[in-house]
Amino acid sequence: MNASLIIFFVLAAVAIFGAVSLILQREPIHSALSLIVVMVALAGLYLLLGAEFVAAVQIIVYGGAIMVLFVFVIMLLNAGEEERTDFSKLATFGGIPLALALAGLIAAALTRSTGYLPAAAPHGDLTSTKTLSMLLFKDFAYPFELTSFLILVAILGAIVLAQREN
Amino acid sequence: MVPTNYYLILSAILFGLGIVAFVFKRNIITLFMAIELMLNAVNLAFVAFSQSLGKPDGEVFVLFVIVVAAAEAAVGLGIIILTARNRRSLNIERVDLMKL
């Protein structure tokens, strides 16, 4: 068992623990903190995979910006403990097995499909930020410009939605 | 070296947990967090495939997913604030305006 495998299992355990904690916590703020744990663990996994830039973006944008937005809204709305409402019996007894079955199905499909991949193991060497930016600003220049437009629309939408009506 | 399969299985597990959270949580903000969890699971599969195939295209896709998630979070949280103001509750069961 080599070092990278051990690191993988530790980070995977942390990620799954965070995800389960997100489900079990009753207070939204605790769920948000659990989600931050998942995101930091995933950033570690990206580093392990050799995607250094994506790892940095994951920490800065996801762990930083988006989760701060979530925590901000939770505190703004003073979101307390969530109230329990009755589930239909179908949701309780059918929902969990079906979700697990779906996870198993996706895992099986993904795992089987990797049989056709040329390389079974990730390279592990870092994808340089230069390679990534060349790709982003040459081959994906048009989608990149579109995302700036999307963000503009999102800003306008958020302002229109959140403003107080007179 | 960690086999690509391990990453994909972890991705599927996280996606499944995201679905469970989405179905079982009752707070609108937590539902949004479940969606973010599912997006993260997909991102992990993207990066794993990208490294396994030796093509950086998948990582560019992840950057796009993160941008769209940020935009979605901004608009979604705006909707949540609006809903909380109108309904005086964050329970998803109370948001039944369009229910027949």
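Every number in this text was worked out from the coordinates using simple rules, so none of it is lab data. Keep in mind it's a predicted model, so treat the numbers as computed, not measured. FYI the Cβ positions are ideal-geometry reconstructions off the backbone, even for glycines, and counts take in every protein chain you see.
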- Restricting attention to the range B:6-22, which residues are buried (at least 24 other Cβ atoms within 10 Å of the Cβ), of a type in the set (A, V, I, L, M, F, W, C) and closer than 11 Å to A:Leu22 by Cα? B:Leu17, B:Ala21
- Item | All positions within the range B:56-79 that are of a type in the set (D, E, K, R) and surrounded by fewer than 20 Cβ atoms within 10 Å (Cβ to Cβ) | B:Asp57, B:Glu72
- Task: Look at the range B:17-37 and say how many of its residues are polar (S, T, N, Q) and part of a helix (DSSP H, G or I).
- Result: 1
- Query: Is there a residue in the range B:51-58 that is outside any helix (DSSP H, G or I) and hydroxyl-bearing (Ser, Thr, Tyr)?
  - Reply: no
- Query: Could we say that B:Leu82 is of a type in the set (A, V, I, L, M) and crowded, with 17+ Cβ neighbours inside 10 Å here?
  - Reply: no
- Item | Sole residue being at the interface with another protein chain (Cβ under 7 Å from one of its Cβ atoms) and touching a residue at least 12 places away in the same chain (Cβ under 8 Å), chosen from B:Leu17, B:Leu63 | B:Leu17
